[in-house]
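Asks: Have a look at this one.
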Amino acid sequence: MTSKNRHRTMVPDRDCIACGTKFVCHIDRGADGHSGVVRDEHGGIRWRYGVRKDDLGRSWANPFNKKDFVVVNAEMGEEIVVRRVSFFPPRFTIVDSQGVRGTVCMTSILRNKYTINVSEGQRWTFRMPLFKVGFWGGTDESPEFWVIEGPSKMQWSILIKPGIEDQPLVAALSFIHVERWNYS
């Protein structure tokens with residue numbers, strides 16, 4: 001992709017729309033803005049997310065004592081935890097019962113660009129252009145997932161290309177959604 005195309009809207013093709021994995025990430029209205037659910041395309045709850053109530057204490061990597069963000073599988077109860085590991089630049093690890101699965105790193109002071117690395121060798125840049133409600137992420141060559149914000153900022157509709165493991169990616173996108181809701 002050339003730099004000329006970076007600001008152009010990237011849309012999914014018909015095959016991706018027909019065969020891709022679809023989710024709706026929705027922040028709970030009555031809560032503190034840090035919890036919510038991820039539903040599949042049929043409306044079933046796949047994951048619940050929120051912050052861990054445990055107090056880990058302050059450290060050089062977490063001077064403001066930011067709580068762990070936890071995504072729980074609604075059926076099996078398995079957890080994925082997004083934990084701060086660096087204050088500047090803001091960097092977080094994605095951890096599950098098997099260990100570190102990847103990282104999320106904010107790469108823009110405007111809070112509109114993140115890199116998501118998953119240990120299976122997948123690395124994406126997630127772009128949220130200012131004053132737009134359609135976002136996309138992928139490699140420099142092509143987008144691999146899309147997000148539409150709305151009807152309110154508390155809801156993101158997510159489309160992922162076929163063949164991409166969705167659980168760590170959706171955990172990262174849910175985390176970014178909560179960060180955008182609470183801090184942007």
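The values are calculated or read from the model by the stated rules, or taken from the named source; none is laboratory data. Computed from a predicted structure; not experimentally measured. Because the Cβ atoms are built from the backbone with ideal geometry, glycine has one as well, and the counts that use them run over all protein chains shown.
Asks: Is there any pair linking a residue in the range 117-138 that is farther than 14 Å from Ser184 by Cβ to one that is surrounded by 18 or more Cβ atoms within 10 Å (Cβ to Cβ) and among the acidic types (Asp, Glu), with Cβ under 7 Å and at least six apart or on different chains, and which?
Replies: Sorted first by the residue in the range 117-138, then by its partner, the pairs are Trp124/Glu144; Gly137/Glu144; Gly138/Glu144.
Asks: Here is a further query. Got a number for residues in the range 136-184 being of a type outside the set (Ser, Thr, Tyr) and outside any helix (DSSP H, G or I)?
Replies: Number satisfying all stated conditions: 26.
Asks: Going through the range 110-165 one residue at a time, which ones are surrounded by fewer than 16 Cβ atoms within 10 Å (Cβ to Cβ) and of a type in the set (Asp, Glu)?
Replies: Answer for the range 110-165, where residues must be surrounded by fewer than 16 Cβ atoms within 10 Å (Cβ to Cβ) and of a type in the set (Asp, Glu): Glu120, Asp140, Glu141, Glu165.
Asks: Looking only at the range 50-69, decide whether some residue is at pLDDT 85 or above and within 22 Å of Pro162 (Cβ to Cβ).
Replies: no
Asks: A further question on this structure: In this structure, does Val85 turn out to be more than 19 Å from Asp28 (Cα to Cα) and either at pLDDT below 90 or crowded, with 18+ Cβ neighbours inside 10 Å (or both)?
Replies: Answer is yes for this residue.
Asks: Would you check if Thr93 is on the phi < 0 side of the Ramachandran plot and under 13 Å from the mean Cα position of the chain (by Cα)?
Replies: For Thr93, the condition - on the phi < 0 side of the Ramachandran plot and under 13 Å from the mean Cα position of the chain (by Cα) - is met.
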